[in-house]
Amino acid sequence: MPPDRLKNHIGGNWIDPENSGCLDVENPTTGEVIARVPLSTADETGRAIGAARSAFPGWRVTPVARRCGLLFKLADLLRKNEEQLTRLITQENGKSLPDSRAEVKRALENTEVACGMPVLGQGDKLIGGAVGIDGEVIRLPLGPFGMIGPFNFPLMVPFWFFPYALAAGNTYVVKPSEQVPLSMTRVAELIEEARFPPGVFNLVHGDRTAAEAIVESPDVAGVSFVGTSRVCRLIATRCAQTNKRCQALGSAKNHLVAMPDAKMEPMIQNMITSCYGCAGQRCMASSAIVCVGDRVYDEVTRRFVEASGEVLVADPLDPAVADETMVMGPVISAKARRFIIEMIQAGIDEGATLALDGRGLVMPNRPRGHFLGPTVFTDVKPGMKIHNTEIFGPVVVILKAGSLDEAIGIVNNHQYGNGASIYTQNGHYARRFKLEAECGMIGINIGIPAPVASLPFGGMRNSLFAHIKGQGRAVINFFTEQKTITERYWEE
Ligand code: NAD
């Protein structure tokens, strides 16, 4: 029996897409086909947008506390289904159970922050802007918004956006990554169980055809996209041409800077978690270490290579490792694995030293899984292909800098500016780094500086094609029109 073909959730109904092909959804750990995902056509996607448009007039006038009441119900259902969602993420993505659990918790946290909309969504009033004249700013919802998701956080990333959009009175269409469609399908079921009115939230499965239909639709007020910077640029360009709001969060190469005064032992452990958690496929994963000075370079290299060799690589659903905090599963697909291997060869060809080679890893119990072992390059120079490229796998490059200035230069000259961290006990170094490193998210002795839900998430330079980042208070500006009213009344 072939596994089930997933359905779209449109206007409150589960609909079998017509006339569309489908792809196999694979468990990257076992190679087993666990579902088939339909590739919705532009027309089918248009029906989801139509449902969101029809639901908008009723939803926008639903009192904000009632809208948030439904989100509270959703939060409750996420909590009740936490373990099931956790396992679903691990099944479709291959990350460890603790990583999947953290993903569900962050989704929940975003839902709860969005429930603050009765306060967050308030406007402003200026009494006496001119003689007898007052100014008022009100926030209004705009209509249907769309979200196009990446494979690496199948569940959490859509929650950076849609709870805020719904709380603000907009309606929504999500297109998850075709590689990991299962967890958002389960979320759509929970949204149905929470009894959101039909059409307020819609789910469409598919690939770039469905994504493009969202971007091109004149009925969509704005698009939140998360994925590679190449696609960010395409989407941001089309949104500008069609006068849509757009926030597009893109690729990364996050640097960790080790200063001479850093605490060596906890720093190495922290670096290992940052570089190899989710097999290096977090948008906040670090993959470039910059050591300041010869002594730090020699010691970090020795210790990091040794610790990398000890990382536990395993089937994340194996009960024997289920409670380990640091387990590395497979990368997402055979295609991704091939690309990573090509990049390792590129590093060898351009003269970096392959200090640890993960290509030979054998997993006798999981021969069809897309596993690779931790891989480390030393003697890497800024500008080498393995430094310039987002490899998105368990491959780490180590560079040397002569000073903090040079280290900041390496970070700032990179095409991507998502996150960067410094390890130091020195407040002066830390302050300079947080002010001068041109990245959207900075860590100080924190290897994965992913902000909590109430703070903005997003990078700088080629990692972000937007003015407004995901989650946090600022995202309210993306999902509302600020209308400014200037008023006066003449005396009777
Ligand atoms: P991707 O760009 O390949 O795909 C993302 C989504 O775009 C998918 O839903 C896909 O169907 C769709 N898509 C693909 N081509 C398209 C096109 N031409 N037009 C319209 N839509 C298209 O990204 P991915 O491989 O799924 O995700 C990994 C990437 O996402 C990495 O680069 C990672 O750094 C990035 N990411 C960034 C952040 C961040 O916060 N900056 C967060 C998570 C992931």
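The values are calculated or read from the model by the stated rules, or taken from the named source; none is laboratory data. Bear in mind the structure is a predicted one, so any value in this text is a computation, not a measurement. Don't worry about glycine lacking a Cβ; one is built from the backbone with ideal geometry, like all the others, and counts go over all protein chains shown. When the accessible area is computed, the model is the full protein with side chains, heavy atoms only, and any ligands, DNA or RNA have been set aside. Shrake-Rupley method; radii C 1.70, N 1.55, O 1.52, S 1.80 Å.
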State the number of residues belonging to the stretch 397-448 that are of a type in the set (Asp, Glu) and either farther than 18 Å from Asp294 by Cα or not in a helix (DSSP H, G or I) (or both).
-> 2
Search result, residues across the stretch 316-333 that are surrounded by fewer than 21 Cβ atoms within 10 Å (Cβ to Cβ) and closer than 12 Å to Gly393 by Cα | Ser333
Give the residues of the stretch 218-227 that are more than 13 Å from the ligand (Cβ to nearest atom) and in contact with a strand residue (DSSP E or B) (Cβ under 8 Å, 6 or more places away or on another chain), sorted by residue number.
-> Asp219, Val220, Ala221, Gly222
Contact list, first residue from the stretch 48-64 and under 16 Å from Glu216 (Cα atoms), second anywhere and acidic (Asp, Glu), beta-carbon distance below 9 Å, six or more apart or interchain, is Ile49/Asp219; Gly50/Asp219; Ala52/Asp219; Arg53/Asp219
Any chance Pro176 is touching a strand residue (DSSP E or B) at 6+ places or on another chain (Cβ under 6 Å), under 20 Å from Val223 (Cβ atoms) and of a type outside the set (A, V, I, L, M, F, W, C) = no
Could you please let me know if Arg238 is touching a helix residue (DSSP H, G or I) at 6+ places or on another chain (Cβ under 7 Å), on the phi < 0 side of the Ramachandran plot, more than 15 Å from the ligand (Cβ to nearest atom) and assigned by TED's automatic domain parsing to the domain that holds Ser54?
-> no
Can you spot a residue in the stretch 84-99 that is surrounded by fewer than 18 Cβ atoms within 10 Å (Cβ to Cβ), assigned to a helix (DSSP H, G or I), among the polar types (S, T, N, Q) and in the same structural domain as Ala168 (by TED's automatic domain parsing)?
-> yes
Could you tell me which of the residues Gly369, Gly393, Gly347, Gly358 is modelled with pLDDT of 95 or more, crowded, with 20+ Cβ neighbours inside 10 Å and within 16 Å of the ligand (Cβ to nearest atom)?
-> Gly393
Quick one: in the stretch 449-486, which of the residues that are part of a strand (DSSP E or B) and farther than 20 Å from Gly227 by Cα is nearest to the chain's Cα centre (by Cα)?
-> Glu481
For Ile214, the lone unmet condition from (1) farther than 30 Å from Arg66 by Cα; (2) near the ligand (Cβ under 9 Å from one of its atoms); (3) not charged (D, E, K, R) is (1)
Which of (1) more than 7 Å from the ligand (Cβ to nearest atom); (2) among the β-branched types (Val, Ile, Thr); (3) closer than 30 Å to His414 by Cβ; (4) open to solvent by less than 10 Å² (accessible area, probe 1.4 Å) does Val200 not meet, given it meets every other one?
-> (3)
Select, from Arg230, Arg295, the only residue that is charged (D, E, K, R), within 16 Å of the ligand (Cβ to nearest atom) and either open to solvent by 10 Å² or more (accessible area, probe 1.4 Å) or part of a helix (DSSP H, G or I) (or both).
-> Arg230
Answer yes if at least one residue in the stretch 245-262 is under 23 Å from Asn462 (Cβ atoms), open to solvent by 20 Å² or more (accessible area, probe 1.4 Å) and within 23 Å of the chain's Cα centre (by Cα), and no otherwise.
-> yes
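One line per residue, one yes/no per condition, for (1) among the polar types (S, T, N, Q); (2) open to solvent by less than 50 Å² (accessible area, probe 1.4 Å):
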residue: Leu435; (1), (2): no, no
residue: Gly447; (1), (2): no, yes
residue: Phe457; (1), (2): no, yes
residue: Asn477; (1), (2): yes, no
residue: Glu481; (1), (2): no, no
Considering only strands (runs of 3 or more DSSP E) wholly within the stretch 120-197, the ones with at least 1 residues that are within 16 Å of the ligand (Cβ to nearest atom) are 144-148, 171-175
If only one of Glu136, Glu192 is touching a residue at least 40 places away in the same chain (Cβ under 8 Å) and under 23 Å from Ser20 (Cβ atoms), which one is it?
-> Glu192
Considering only the stretch 1-29, state which residues are among the polar types (S, T, N, Q), surrounded by fewer than 17 Cβ atoms within 10 Å (Cβ to Cβ) and part of a strand (DSSP E or B).
-> Asn13
Return only the number of the condition from (1) farther than 17 Å from Ser183 by Cα; (2) open to solvent by 20 Å² or more (accessible area, probe 1.4 Å); (3) part of a loop (DSSP other than H, G, I, E, B) that Ser40 does not satisfy.
-> (2)
